[in-house]
Amino acid sequence: MSVSPATTQFPVRVFGGPTALFEYGGLRFLTDPTFDTPRSYPAPPGAPALTKTAPSTGSPEDVGPVDVVLLSHDEHDDNLDNAGRALLADIPLTLTTTGGGERLGQKATGLADWESIELDRPGGGTLTVTAVPAIHGPGTREEVEPIAGQVIGFILTGEGLPTVYVSGDNASLDAVREIAERFAPIDTAILFAGAPRFAEIFDGGLIVLDSAQAAEATETLGARRVVPVHFDSWSHFTEGRDELEAAFTAAGLADRLQLS
């Protein structure tokens with residue numbers, strides 16, 4: 001699959017875990033901010049504990065100005081930690097789930113599946129962010145959300161701009177197929193992976209894509225470039241860089257994988 005001049009790849013800086021920074025249409029976007037030092041987080045009743053095992057590769061100060069946070073969900077510390085919450089106060093807009101929009105206050109806007117928002121570009125014109133489905137575990141949304149909570153992904157589009165997909169904590173290839181039907185081909189996919197599992201929930205089933213599924217999602221989306229996140233720095237991730245490289249190589253997609 002060739003890349004046209006209109007889809008020139010833009011830099012994506014990955015900070016570890018689910019956190020990535022990129023500029024798109026003149027605006028600076030940050031995904032799921034997690035900048036705490038390694039630690040364990042108290043487990044809510046009935047939920048497993050989370051342990052961060054490695055520091056981020058940069059601090060909130062290293063991020064610089066951010067225009068928009070794309071927050072897949074606010075209910076888990078491995079997607080929004082203490083430092084990330086503090087950072088939101090200085091960012092003009094956070095786009096997240098409908099429930100998260102209610103919990104996070106005035107600077108947060110909740111979006112339902114397929115709901116879009118237009119953002120003004122600094123040089124004139126607009127770009128569009130569309131919320132897309134994500135399911136944080138094995139099964140249907142009705143089965144998963146009462147246990148794992150509500151999650152969304154995002155599609156970014158604009159005139160003369162590449163199409164970007166930020167998956168969020170999604171374990172559903174059916175959701176990927178729905179997104180592909182509306183938006184494929186994708187120019188850059190920021191795919192959450194890592195094959196996280198907990199013995200305590202879903203009988204140890206995947207709560208986000210594993211490496212082989214990430215490769216399958218890449219093929220389904222017709223993604224020209226994949227920047228994987230959410231595969232390191234937390235104890236519940238069961239697959240990392242080596243497994244991603246092996247899965248994409250086995251699928252004949254190694255040239256589309258961009259690991260920092």
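The values are calculated or read from the model by the stated rules, or taken from the named source; none is laboratory data. Bear in mind the structure is a predicted one, so any value in this text is a computation, not a measurement. Note that we place each Cβ from the backbone using ideal geometry, even for glycine, and neighbour counts take in every protein chain shown.
Couple of notes before you dig in:
- Subset tally (residues that are assigned to a helix (DSSP H, G or I) and either of a type in the set (A, V, I, L, M, F, W, C) or touching a Leu at 6+ places or on another chain (Cβ under 9 Å) (or both)) for the stretch 128-156: 3
- Wholly within the stretch 157-251, helices (runs of 4 or more DSSP H) carrying at least 2 residues that are closer than 25 Å to Asp113 by Cβ and not polar (S, T, N, Q): 173-183, 211-221
- Residue within the stretch 136-143 that is under 20 Å from the mean Cα position of the chain (by Cα) and free of Cβ contacts under 8 Å to residues at least 12 places away in the same chain present: yes
- Single unsatisfied condition, Gln150 versus (1) modelled with pLDDT of 95 or more; (2) within 17 Å of the chain's Cα centre (by Cα); (3) over 24 Å from Val226 (Cβ atoms); (4) not aromatic (Phe, Trp, Tyr): (1)
- Annotation: of all residues in the stretch 57-109 being buried (at least 20 other Cβ atoms within 10 Å of the Cβ) and of a type in the set (Asp, Glu), the one that is farthest from Tyr24 (Cα to Cα) is Asp77.
- Restricting attention to the stretch 26-79, the residues being in a loop (DSSP other than H, G, I, E, B), touching a helix residue (DSSP H, G or I) at 6+ places or on another chain (Cβ under 8 Å), closer than 22 Å to Ala112 by Cβ and of a type outside the set (D, E, K, R) number 2.
- The stretch 73-84, residues that are of a type in the set (D, E, K, R) and more than 16 Å from Phe15 (Cα to Cα): Asp74, Glu75
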